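The values are calculated or read from the model by the stated rules, or taken from the named source; none is laboratory data. Note that the structure is a prediction, hence the values are computed from the model and not measured. When we count neighbours, we look across all protein chains shown, and the Cβ atoms used for this are built from the backbone with ideal geometry, even at glycine. Note: accessible area is taken over every heavy atom of the protein model, side chains too, but ligands, DNA and RNA are not part of it. Shrake-Rupley method; radii C 1.70, N 1.55, O 1.52, S 1.80 Å.
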Amino acid sequence: MQRIGRARIVRSETPRRSPGMFRLTVLFLMMTAGLLGGWLAYDGVTDLLGGDGGPSAQGVILRVEASSLTVVDSLTLRTNDGRTLVLKIAPDAARDPREGFVAGHLRSHASLVQQVEIFYREQDGDLLAERLEDR
């Protein structure tokens, strides 16, 4: 503290950051950038390969054949390039509701003419739908 005449000048000390906190912040930012870069690289590679590495088709669902409210047997897809594909649902995908093959979900896409992408495989002359993604 200094005195100038009758006035006092008070200098406040600014709190200093510890070097450990700076290192922690830099480490956090580097990890975040690494995770983000890895995610973007993975997303780009899966887009180039067609999702899981298999063929896929984008388009609108024209028809859903279902044996019950939840079990889908097959669907007809009109692709963006004009082809019409009839896809059966792969047995492993039919059992997993996370794959998107629920009759009500597919019918809502068909009635609203919403774009979907379906990843499929060929087996014994049939196209077996494995996964559906909303577009």
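Side notes on the structure shown:
- Out of 72, 64, 60, one residue alone is in contact with a helix residue (DSSP H, G or I) (Cβ under 6 Å, 6 or more places away or on another chain), open to solvent by less than 60 Å² (accessible area, probe 1.4 Å) and modelled with pLDDT of 90 or more. It is 64.
- Region 64-84: number of residues that are within 25 Å of the chain's Cα centre (by Cα) and part of a strand (DSSP E or B): 8
- Verdict on residue 79 being open to solvent by 40 Å² or more (accessible area, probe 1.4 Å), modelled with pLDDT of 90 or more, among the hydroxyl-bearing types (Ser, Thr, Tyr) and touching a strand residue (DSSP E or B) at 6+ places or on another chain (Cβ under 8 Å): no
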